[in-house]
Amino acid sequence: MPVNKRSKYRGSRTCGGGTHKNRRNGGSRGGRGHAGGCKHHFVRYYLVGNTFGKDGFSHDQRDDPGTIDVGTLEVMAEGLLAKGLAKLEGDTLTVDAAGIGVGKILGSGRVTRKMKVSAGSFSEAAKKKLEALGGQALVV
């Protein structure tokens, strides 16, 4: 026969919860307040809609334009020609840096062939090395 728990525990000091010390402090509920939101109470937090981490102002997050050296372009020239990312017009190699995901050309390395490179920006050393052999540095 079913027993009503309300009347069963009426007058009982602990209502079936063990000794009088049990069910007493914050440890029985997994911590007080927002404790355990990242750990053992994360499902409760997701259901309520709370989020974790910082909130407020953030700094400007600019993308790096992607850089490459003119010496590296020189080494990559044959591969770029094979893939169709560069053209050979006479003795001049024409490369569009945006096509290979590069925004700025830097001046490190050796240049041994005439190149016509178009990019978003160039360093001064890169311009000098390209123009020394009769090539061009076109800013797009």
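Express in nm, to one decimal, how much length is gained between residue 63 and residue 128 on full extension, taking 0.36 nm for each residue of separation and deducting their alpha carbon distance. Present the calculation step by step, with values, prior to reporting the outcome.
Values: separation 65, 0.36 × 65 = 23.40 nm, distance 2.66 nm.
The span from residue 63 to residue 128 would gain 20.7 nm if fully extended.
For the range 18-140, with the dipole built from +1 on Lys and Arg beta-carbon atoms and -1 on Asp and Glu ones, taken about the Cα centre, which of 59, 19, 106 lies farthest toward the positive end?
Projecting each Cα onto the dipole axis, the largest value belongs to 19.
Calculate one ³J(HN,Hα) per residue across the range 82-99 by plugging θ = phi - 60° into the Karplus curve 6.51 cos²θ - 1.76 cosθ + 1.60, and present them in order as whole Hz with x for glycine and proline.
After applying 6.51 cos²θ - 1.76 cosθ + 1.60, I find 5, 8, x, 8, 9, 10, 10, 10, x, 9, 9, 8, 9, 10, 9, 5, 5, x Hz.
Karplus couplings for the range 52-57 from phi (6.51 cos²θ - 1.76 cosθ + 1.60, θ = phi - 60°), rounded to Hz, Gly and Pro as x?
Working through the residues one at a time gives 10, x, 7, 9, x, 6 Hz.
For the range 94-140 and the range 1-67, what is the separation of their Cα centres, given in Å?
60 Å
Taking a ≥ b ≥ c as the square roots of the eigenvalues of the Cα gyration tensor of the range 87-140, is the shape rounded (a/c under 1.5), prolate (a/b larger than b/c) or oblate?
Values: a/c = 1.78, a/b = 1.10, b/c = 1.62.
Oblate is the answer for the range 87-140, as a/c is 1.5 or above yet b/c matches or exceeds a/b.
Sort largest first and round to whole Å: the equivalent ellipsoid semi-axes of the range 22-140, each the square root of five times a Cα gyration tensor eigenvalue.
Values: eigenvalues 696, 43, 27 Å².
For the range 22-140, the ellipsoid semi-axes come out as 59, 15, 12 Å.
Tell me, what ³J(HN,Hα) does each residue in the range 15-30 have, in order and in whole Hz, if you take phi through Karplus 6.51 cos²θ - 1.76 cosθ + 1.60 with θ = phi - 60° and put x for Gly and Pro?
So the J values, rounded to whole Hz, are 6, x, x, x, 6, 5, 7, 6, 6, 10, 10, x, x, 6, 10, x.
Measure up 8/39; 83/116; 54/104; 104/128 against 25 Å on the Cα-Cα distance and list the ones that go over.
Cα-Cα > 25 Å for 8/39; 54/104; rest within.
Given a Förster distance of 22 angstrom, what is the FRET efficiency for residue 114 paired with residue 85, based on the Cβ-Cβ distance and rounded to 0.05?
Numbers: r = 18 Å, r/R0 = 0.81.
With R0 = 22 Å, the Cβ-Cβ based efficiency is 0.80.
Read-outs: derived from the displayed coordinates by stated rules, not from any lab. Remember, it's a predicted structure, so these values are computed and weren't measured experimentally. Positions of Cβ are generated from backbone atoms using ideal geometry, with glycine treated the same way; all protein chains shown enter the neighbour counts.
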